[in-house]
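Laboratory data are not the source of any read-out in this text; all were calculated from the coordinates shown. Every value quoted in this text rests on a predicted model; they were computed, and no experiment measured them. Here Cβ is always computed from backbone atoms with ideal geometry, including for glycine, and neighbour counts include all displayed protein chains.
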Amino acid sequence: MKKGLFLIVFLLAAFSLMEAEGRTAHADQAVIQVDYLNVRTGPDTSYNRIGQVHANETYTIVKKQNDWLKINWNGKTGWVAEWLTTVKKETSQASGTYYSKYDYLRIRSSAGLNGKIKGYLMKNDVVTPQKSSGKWVYIQHGGIKGWVHGDYLAQKKSSNSSSGSSSSNESSGSQSVIGKIKVDTPVLNVRSQNSTKGTILTQIKKGGVYEYINEKDRWYQIKWGNGRTGWVAGWLVDPVSGNSSSGTTTNTAVTLDYNYTNIRSGPSTGYKVVGRAHKGDQFDVIAEEGRWYKIKFNGMTAYVAGWIVTETTKGAQHTSSSSGSLKGKTIMLDPGHGGRDSGAVGRAGSHESDLTLSTAHILKKQLEQAGAEVLMTRSSDEYVALSARTYYSNASSADAFISLHYNSAPLYIAATGLNTYYYHSKNKNLASDLQAGMVQKTGLRDRGIKYGNFHVIRENRKPSVLLELGFISDAREEQTVRTSSYQEKVSQGVTQGLIQYFK
């Protein structure tokens, strides 16, 4: 009898402990979304750090408090920021995968128009509903959980992962083709997910045309190989109009990017060299064959590799030799952070290093169209030391050095807008012109120019500034700055500012 009574007491105590800790028979899992995420003794940044966890690691959730999760970790418990994880339900209530039909679809704190706005979905953002109330659906997107109106969601035909990633081996036969893209960089990585953190599956070359089946956060999911799929960065490709990637073209030309370019008798390096041409030479295109252009050359037809030329309209001049307002100027762009240093992490999981890189590529194109030569401290997701960045600048012929960043503030501070930093007083005019151009083009809050003691501008002998292009710690501003349209606008502002400065 005593043993039975003891067992009952023990079970009651166990159930009480589970309830106090917020556990269920099927515990939810926290999937870590970033590297070096701090584990703390309590649910706030004021508590001591007791360790770190890393991207893609999964831990059982013991308790949730405000925006923090208590997890089982290394045989003990600790707290991590919920907005830097994805919560994986043990028993899913999802009824399919959906995507937003519109930009800026509001995520609310409760199922109704009276609910506080917590964040936004952009067009084609993919979500998995967890429960519903009338026409309202409860979802999670990045670190934001809340309710959206179901009329503004459409069911996704594919049953692929709601995170937007895709296994490289899964068949894409059941997915409909949305369109085609053309590679616009010499070598482009195809990754396992729509992020520079994804595993590199293969590499494709400039000029290649591929069908894409999904678009998310400025990334395209393409079909390649034998039914395989992967993701490529949208800022390194161009959408292709029409349905044919080959055949006769009527208004296309190519301009050579290098001196002593080989012109061959066929579409491969195995074919005979029939001549050579030089940087800036332009040729009419007859057709595209794979990654090669068939061109008119000295009264005959020949071929040139697509990854060493720039495609233009017939009669147009090559942008690097154009008479734009920045002709003769060399600009060095410094996309902040990179590699193991992701920089700030936004409320919806955006990495500053990704945003600075995509913006730099967009800005590079615009500066080249204005006639400038553009150098970059990094052109891919790699770590570059601060000392190396200033060394590159001081050793170069750059007329200006621009370091690109996205800002972040503590969650209890509501901060938004743009600002520009200078270190040397002689660079105040450059800072003022760039700040004015960005504010005019984007309409974001003007936070002005400020003195900043940052290594890349302090140790720089060139005219140099550091730009903060918006706050990703603000949920609404993060959704704005991560769009290609915003990055186009802020790049236009920088270009306009440089033109004004060099006047």
Semi-axis lengths (Å, descending) of the ellipsoid that matches the C-alpha gyration tensor of segment 460-503: 25, 14, 6
Using a Förster distance of 30 Å, how high is the FRET efficiency between Tyr412 and Lys450, based on the Cβ-Cβ distance and rounded to 0.05? 0.85
Test of understanding: what is the full-extension gain from Asn298 to Arg461, defined as 0.36 nm times their sequence separation minus their Cα-Cα distance? 53.9 nm
Semi-axes in Å, largest first, for segment 395-461 (Cα gyration tensor, √(5λ)) are 23, 15, 10
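Kindly flag which residue pairs out of Lys329/Lys428; Lys101/Lys145; Lys216/Lys329 have an alpha-carbon separation exceeding 30 Å in this structure. Walk me through the intermediate numbers first.
Working: Lys329/Lys428 19 Å; Lys101/Lys145 18 Å; Lys216/Lys329 35 Å.
Cα-Cα > 30 Å for Lys216/Lys329; rest within.
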Only Lys, Arg (+1) and Asp, Glu (-1) charged, at Cβ; segment 98-155 dipole about Cα centre in debye: 180
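Mean shadow of segment 98-155, computed from the convex hull of its alpha carbons, in nm²? It would help to have the intermediate numbers written out before the result.
Details: hull surface 13.1 nm².
Seen from a random direction, the Cα hull of segment 98-155 projects 3.3 nm² on average.
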Report, ordered by chain and residue number, the lysines lying within cross-link reach of Lys76, taken as a straight Cα distance under 24 Å and ignoring same-chain residues fewer than 8 apart. Lys63, Lys64, Lys88, Lys89
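Once you have the Cα-Cα distance between Lys76 and Val187, take 0.36 nm times their residue separation minus that, and quote the gain in nm to one decimal. Don't skip to the end; give the middle numbers.
Values: separation 111, 0.36 × 111 = 39.96 nm, distance 4.56 nm.
Fully extending the segment from Lys76 to Val187 adds 35.4 nm.
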For Trp73, list long-range residues whose amide hydrogen, built 1.01 Å from N in the peptide plane, is under 5 Å from its own amide hydrogen. Gly78
Spin-label point model (7 Å from Cα, Cβ direction): what's the Thr45 to Lys116 distance in nm? 1.8
Of Ser100, Ile144, Asn124, whose Cα points farthest to the positive end of the dipole of segment 98-155 (charges on the beta-carbon: +1 Lys, Arg; -1 Asp, Glu; origin at the Cα centre)? Ile144
Computed over segment 353-503, the distribution of all Cα-Cα distances in 5 Å bins, rounded to whole %, is 2, 10, 19, 24, 23, 15, 6, 1, 0
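Expressed in nm to one decimal, what extension gain is obtained for the pair Lys131 and Val31 from 0.36 nm per residue of sequence separation less their Cα-Cα distance? Can you show the working numbers first?
Values: separation 100, 0.36 × 100 = 36.00 nm, distance 2.04 nm.
Separation in residues times 0.36 nm, less the Cα-Cα distance, equals 34.0 nm.
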Going from the fewest other Cβ atoms within 10 Å to the most, one would list Thr420, Thr199 as Thr199, Thr420
Which residues does the label zone of Tyr383 cover in segment 34-48, counting backbone N under 17 Å from a point 7 Å along Cα→Cβ? 34-38
